[in-house]
Amino acid sequence: MTRVVVVDDQALVRQGIRTLLTIAEVDVVGEAGDGERAVTVVAETAPEVVLLDLRMPGKDGIWVLEQLRERGLDVPVLVLTTFDDDALVLQALGAGARGYLLKDVTVDQLTRAVRTLADGGTLVSPSLTDRLLRAIRSGPVPGGARGAVVEDLTPREQEVLRLVAEGHSNRQIAQTLHLAEGTVKNHVSTVLVKLGARDRTNAVLRALHHGLLG
């Protein structure tokens, strides 16, 4: 079972998410109602995925993302919120979130997203994707590319990057390209270095900023 921490300032929402995920055989190993508690719970429980609301009193979700990165807690974070503001989406992804869903998703969509992130993939709500792409192409990306040597990407690295952008895990990419999973991992690491990106989501943002994904 995938181990998950749920972070939301509303107790009823946390309880509802816990109940639905438990039915879907996802193990909720911790909860938090504020940003500071969230960081502590993640450190204590070592989940595979964090479900994170953005707007909370006190320390918000962006602060949590930044703290997790600063403390070396490399856990995939799936933002689950009611806010679909373009700037907020970009800010969250730029701060390290690997997924962004609105709370109107179905249980099946949520559980699939959790498992996608746990397996190393990324995911953004389809209803936000087109707007997100337009926002990225029309202006600078938060934490945008600085000195990225984009022209040095090999054809194979570009193939891997496209599949990463589609949300595939290393295992899925290996199966698609008929490569060893370790080889794919090396390609992904090289792409991150060449793009000056700290993680897969940031690499996709920078690739979109440079028009590498069409």
So, in segment 160-187, how many residues would count as being of a type in the set (D, E, K, R) and in contact with a helix residue (DSSP H, G or I) (Cβ under 7 Å, 6 or more places away or on another chain)?
3
(1) over 20 Å from ARG198 (Cβ atoms); (2) modelled with pLDDT of 90 or more; (3) open to solvent by less than 30 Å² (accessible area, probe 1.4 Å) all hold for THR19 apart from (3)
Kindly list, by first and then second residue, each pair from a residue in segment 172-195 that is in contact (Cβ under 8 Å) with a residue 40 or more places away in the chain and under 22 Å from ARG115 (Cα atoms) to a residue that is of a type in the set (Asp, Glu) and surrounded by 15 or more Cβ atoms within 10 Å (Cβ to Cβ), limited to pairs with Cβ atoms under 8 Å and residues at least 6 apart or on different chains.
GLN172/ASP119
Which condition does SER138 not pass, out of (1) modelled with pLDDT of 85 or more; (2) of a type in the set (Ser, Thr, Tyr); (3) under 17 Å from GLN91 (Cβ atoms), if it passes all the others?
(1)
Go through segment 165-188 and count every residue that is open to solvent by 80 Å² or more (accessible area, probe 1.4 Å) and either assigned to a loop (DSSP other than H, G, I, E, B) or not polar (S, T, N, Q) (or both).
5
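Before we move on, is SER125 out of contact with any helix residue (DSSP H, G or I) (no Cβ under 7 Å at 6 or more places or on another chain), closer than 27 Å to ALA87 by Cα, modelled with pLDDT of 85 or more and surrounded by 17 or more Cβ atoms within 10 Å (Cβ to Cβ)?
Here the answer is no, as SER125 does not meet what is asked.
With respect to GLY144, is the statement that it is more than 20 Å from the chain's Cα centre (by Cα) and at pLDDT below 70 true?
Values: more than 20 Å from the chain's Cα centre (by Cα): no; at pLDDT below 70: yes.
No; evaluated as a whole, the condition is false for this residue.
The values are calculated or read from the model by the stated rules, or taken from the named source; none is laboratory data. What you are looking at is a predicted structure, and each value in this text was computed from that prediction instead of being measured. So basically every Cβ, Gly included, is an ideal-geometry build from the backbone, and we count neighbours across all protein chains shown. These area figures cover heavy atoms from the full protein model, side chains too; ligands, DNA and RNA do not enter into them. Shrake-Rupley method; radii C 1.70, N 1.55, O 1.52, S 1.80 Å.
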